[in-house]
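A quick write-up on the structure given underneath.
The values are calculated or read from the model by the stated rules, or taken from the named source; none is laboratory data. None of the values given here were measured: they were computed from a predicted structure. Neighbour counts run over all protein chains shown; Cβ positions are idealised from the backbone, glycine included.
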Ligand code: HEM
């Protein structure tokens, strides 16, 4: 779970950094999207790798949950948490929110079945107008609300997942324990801030089409 999760975290970080090119304008973002599409073998290898990691991650999460339940068939009469944070206790819930968000997001921006009106637009240079698609999307308050809810799920999940997977990989050492504990919240905050900046900059009219 730790390794597949780390692969997915890397994707989310690079995806956010790539999307931040929205702030440089349509030329930068559409050029970046086109350069990814211009390498179909690399693109499809990355897509298949990503899909395999996601399927593996979810399957292992289900297996782990079932194993935990079997290990303790009788529920605790009283639950008092000493160490476990809210984020760590709600990993299944935040993971489910995230999965729903990703399905919606793919149908919306990749496949284009949710709001197909902007799906096949081209910009003045003949590139797919990914910039126009995003700007059009985040002018809609329902889409904005859904994406912000997705960011909440993402933030909660990353907050616990990053630190926890580094611990699983055996990186817990007294010398950099505080660094390890800070890694999850830091990555979560940066990724969520980057994504929310894109959503709100458009919704509030700071970035326009
Ligand atoms: C404000 C936040 C986000 C924006 C603006 C955004 C934007 C986009 C766009 C425009 C595409 C389609 C690219 C294209 O057609 O060339 C895309 C694809 C995708 N996004 Fe996002 N995204 C955001 C957040 C996320 C998050 C949080 C995740 C994962 C947790 C995610 C996962 C994906 C995946 C898996 C794809 C498919 C990649 C592919 O088709 O190769 N995105 N995103």
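Yes/no matrix, rows are residues, columns are (1) within 25 Å of residue 61 (Cβ to Cβ); (2) surrounded by 13 or more Cβ atoms within 10 Å (Cβ to Cβ); (3) more than 10 Å from the ligand (Cβ to nearest atom); (4) modelled with pLDDT of 95 or more:
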{"position": "7", "(1), (2), (3), (4)": "yes, yes, yes, yes"}
{"position": "18", "(1), (2), (3), (4)": "no, yes, no, yes"}
{"position": "29", "(1), (2), (3), (4)": "no, yes, no, yes"}
{"position": "40", "(1), (2), (3), (4)": "no, no, yes, no"}
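Only one of these is at pLDDT 90 or above and within 26 Å of residue 103 (Cα to Cα): 189, 166. Name it.
Of 189, 166, the one residue that is at pLDDT 90 or above and within 26 Å of residue 103 (Cα to Cα) is 189.
Could you tell me which of the residues 107, 43, 50 is within 16 Å of the chain's Cα centre (by Cα) and without any contact (Cβ under 8 Å) to a residue 40 or more places away in the chain?
107
Within the stretch 88-119, take every residue that is more than 11 Å from the ligand (Cβ to nearest atom) and outside any helix (DSSP H, G or I) and give me the one that is modelled with the highest pLDDT.
113
Just to be sure before I move on: is residue 51 within 11 Å of the ligand (Cβ to nearest atom) and exposed (fewer than 12 other Cβ atoms within 10 Å of the Cβ) in the structure I sent?
So residue 51 fits the description; yes.
Name every residue in the stretch 120-148 that is near the ligand (Cβ under 9 Å from one of its atoms) and more than 15 Å from the chain's Cα centre (by Cα), in order of residue number.
If the condition is that a residue be near the ligand (Cβ under 9 Å from one of its atoms) and more than 15 Å from the chain's Cα centre (by Cα), then 128, 130, 131, 133, 134, 137, 138 are the ones that fit.
Surrounded by 19 or more Cβ atoms within 10 Å (Cβ to Cβ) and in contact with a helix residue (DSSP H, G or I) (Cβ under 6 Å, 6 or more places away or on another chain), is that true of residue 180? Show your work before the answer.
Numbers: surrounded by 19 or more Cβ atoms within 10 Å (Cβ to Cβ): no; in contact with a helix residue (DSSP H, G or I) (Cβ under 6 Å, 6 or more places away or on another chain): yes.
The answer is no for residue 180.
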